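Participant: Below is the structure I would like to discuss, written out as structure tokens.
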Amino acid sequence: MGVLAQRLRSADLRVTRPRIGILGAVHANPHADTESIFGIVRAALPEVSRQTVYDVLHALTEAGLVRRFQPSGSAARYETRVGDNHHHFVCRGCGAIADVDCTCDETPCLLPSEECGFLLDETEVIYWGFCQACSGGAEVATPAAAAPTHRVHTGDLEPAIAREAVLPYPGNTHPSRQPAPSYVAEAALAPAVASSTAWRVAATKTGGHTGST
């Protein structure tokens, strides 16, 4: 079943069609919420229930194949970029979300002043502000300064899922993407994310079953 099946096996998870489909949908649509993932997977696998999607997302998260994060006031989001403790920008206007590499060095508030007996293993930071499209008056990024892109290797997905996974999920803030089963498909983030200066940033720490799962 390809790369996705290998990831499941490496995490000691049984390989099933729902798990392949859900992991593929998250991989192709980073920052999607549960309902969006359900809509994508259901289009390819009509037998998959909403409860199955919840159960599989929980299993994938527990296995470390998927990361779950939940901006304040928003539904939980999922992504397959794991293991690097990266952070996120969230636009207060349109809700666009962009990945931000882990902040290092002397940036304040990344380490607590007191650990209170806890063993610290992760710091989750969400930067809030406005993307360029929502901030008003900011220059539109030129092609040379285009926003970072999410690269989706649809060849890693099962054929049925690959055709579906590159479609925009409901409410997706990314531009529409055309199916690209054998090469890298790119979806540029909102131009606002091209430069951190385009954001007015405020950093905050956040700190009935059917189908086979």
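The values are calculated or read from the model by the stated rules, or taken from the named source; none is laboratory data. Bear in mind the structure is a predicted one, so any value in this text is a computation, not a measurement. Here the Cβ is made from the backbone with ideal geometry for all residues, glycine too, and neighbour counts use every protein chain on show.
Participant: If the Cβ limit is 8 Å and pairs must be 6+ apart or interchain, which residue in segment 57-74 that is on the phi > 0 side of the Ramachandran plot and in a loop (DSSP other than H, G, I, E, B) pairs with which residue that is modelled with pLDDT under 95 and surrounded by fewer than 17 Cβ atoms within 10 Å (Cβ to Cβ)?
Facilitator: G64/V82; G64/G83
Participant: Output the residues belonging to segment 75-92 that are exposed (fewer than 14 other Cβ atoms within 10 Å of the Cβ) and within 26 Å of C134 (Cα to Cα).
Facilitator: A75, A76
Participant: A further question on this structure: Please count how many residues of segment 93-104 are assigned to a loop (DSSP other than H, G, I, E, B) and buried (at least 18 other Cβ atoms within 10 Å of the Cβ).
Facilitator: Quick first cut of segment 93-104, residues assigned to a loop (DSSP other than H, G, I, E, B) only: 93-96, 101-104.
Going one step further and asking which of them are buried (at least 18 other Cβ atoms within 10 Å of the Cβ), we end up with 96.
Going through segment 93-104 one residue at a time, the tally reaches 1.
Participant: If I filter segment 24-56 down to residues being touching a helix residue (DSSP H, G or I) at 6+ places or on another chain (Cβ under 8 Å) and assigned to a loop (DSSP other than H, G, I, E, B), which single residue comes out as surrounded by the fewest Cβ atoms within 10 Å (Cβ to Cβ)?
Facilitator: In this case the residue turns out to be L45.
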